[in-house]
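S.K.: Before we start, here is the structure in question, set down as structure tokens.
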Amino acid sequence: MHINLLSKQNKLYARIIGELDHHCSAEIKEQIDNKIISEGISTLVFDLSALTFMDSSGIGVIIGRYKLMKSLGGQVYIVSTNKAVDKLLVLSGIPDIIKVTDNADEIDKLA
């Protein structure tokens, strides 16, 4: 697992590469939360397009950050082009509360 964090104009782009599972979820949570709080982030964008595997811990990372951003008055978006990850997102109900798209440019128009 590798995570790239890029912040610009109060947006944090979190690109997760590889696997998002119980082995790395605590580290990812900590890195994202630290950026959100220290930089006053108002929009979080998860880029899951390079994700190869995600388990329920990954769902927990997303939902936990959604709750944090909501408490701060912010927004969360997900970019995903992986059919297996998309299926897991749908099964977990995430698209009902978080906008999921396969087009990163769409996020810039929404946020």
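Every number in this text was worked out from the coordinates using simple rules, so none of it is lab data. Bear in mind the structure is a predicted one, so any value in this text is a computation, not a measurement. So basically every Cβ, Gly included, is an ideal-geometry build from the backbone, and we count neighbours across all protein chains shown.
S.K.: What distance in nm lies between label points placed 7 Å from Cα along the C-beta direction at Leu72 and Asp33?
M.R.: Placing both labels 7 Å along Cα→Cβ, they lie 1.2 nm apart.
S.K.: What net charge do the residues around Gly64 carry, taking every other residue with its C-beta under 9 Å from that of Gly64, with Lys and Arg at +1 and Asp and Glu at -1? Before the final figure, lay out the partial values.
M.R.: Working: positive: Lys29, Arg65, Lys67; negative: Asp33.
Once all neighbours under 9 Å are counted, the net charge is +2.
S.K.: On to the next question. Is there a pair in Lys67/Lys99; Lys35/Lys87; Lys8/Lys83; Lys11/Lys87 whose C-alpha atoms are over 22 Å apart, and which pairs would that be? Intermediate results must be reported in sequence, preceding the final value.
M.R.: Working: Lys67/Lys99 14 Å; Lys35/Lys87 28 Å; Lys8/Lys83 28 Å; Lys11/Lys87 26 Å.
Where the Cα-Cα span goes over 22 Å, the pairs concerned are Lys35/Lys87; Lys8/Lys83; Lys11/Lys87.
S.K.: If you don't mind, another one. Can you tell me which of Lys70, Lys29, Lys87 moves the most in a GNM of the chain? Springs connect C-alpha atoms under 10 Å apart.
M.R.: Looking only at Lys70, Lys29, Lys87, the largest GNM fluctuation is found for Lys87.
S.K.: Length gain on complete extension for the stretch Asn10 to Asp55, per 0.36 nm per residue less the alpha carbon to alpha carbon distance?
M.R.: Numbers: separation 45, 0.36 × 45 = 16.20 nm, distance 2.88 nm.
Length gained between Asn10 and Asp55: 13.3 nm.
S.K.: Still on this model: Within a 10 angstrom radius of the beta carbon, how do Val76, Val90 rank from fewest other beta carbons to most?
M.R.: On the way: Val76 23, Val90 12.
Starting with the residue having the fewest Cβ neighbours, the order is Val90, Val76.
S.K.: Let me ask something else. Any idea how far apart His2 and Asp105 come out in nm if each label point goes 7 Å out from Cα toward Cβ?
M.R.: Rounded to a tenth, the inter-label distance reads 2.6 nm.
S.K.: If I require 18 Å or longer along the helix axis, counting alpha carbons, and a Kyte-Doolittle average no lower than -0.5, what helices from the chain are left? Use full DSSP H segments.
M.R.: Working: long enough: 25-39 (21 Å, -0.71); 56-71 (22 Å, 0.39).
Sorted by number, the helices that extend far enough and score high enough are 56-71.
S.K.: Select from Ser80, Ser38, Ser25 the residue whose mean-square fluctuation is largest in a Gaussian network model of the chain (Cα-Cα springs shorter than 10 Å).
M.R.: Ser38
S.K.: To continue, here is another question. So what's the back-of-envelope 222 nm ellipticity for the chain, counting only DSSP H runs of four-plus at -39500 (n - 2.57) apiece and dividing by all residues, rounded to 500? Provide the component values of the computation, followed by the final result.
M.R.: Numbers: 4 runs with 48 residues, N = 111.
Computed mean residue ellipticity for the chain: -13500 deg cm²/dmol.
S.K.: Efficiency by 1/(1 + (r/R0)^6): what FRET value for Val90 and Ser42, r their Cβ-Cβ distance, R0 = 35 Å, to the nearest 0.05?
M.R.: 0.85
S.K.: Right, next: When a footprinting reagent is the concern and you count Cβ atoms within 10 Å, what order do Lys11, Lys99, Lys83 take, fewest first? Show your work: numbers first, answer last.
M.R.: Working: Lys11 19, Lys99 16, Lys83 8.
Fewest-to-most Cβ neighbours within 10 Å comes out as Lys83, Lys99, Lys11.
S.K.: Here's something else I'd like to know. I'd like the antiparallel share, as a percent to the nearest 5, of DSSP beta bridges with both residues in the chain. Walk me through the numbers on the way to the answer.
M.R.: Values: 7 of 23 bridges.
Bridges in the chain that DSSP calls antiparallel: roughly 30 percent.
S.K.: Two decimals is fine: what's Rg over Rh for region 2-110, C-alpha atoms, Kirkwood radius as Rh? Could the numbers behind the result be given before it?
M.R.: On the way: Rg = 12.5 Å, Rh = 13.6 Å.
The Rg/Rh ratio comes out at 0.92.
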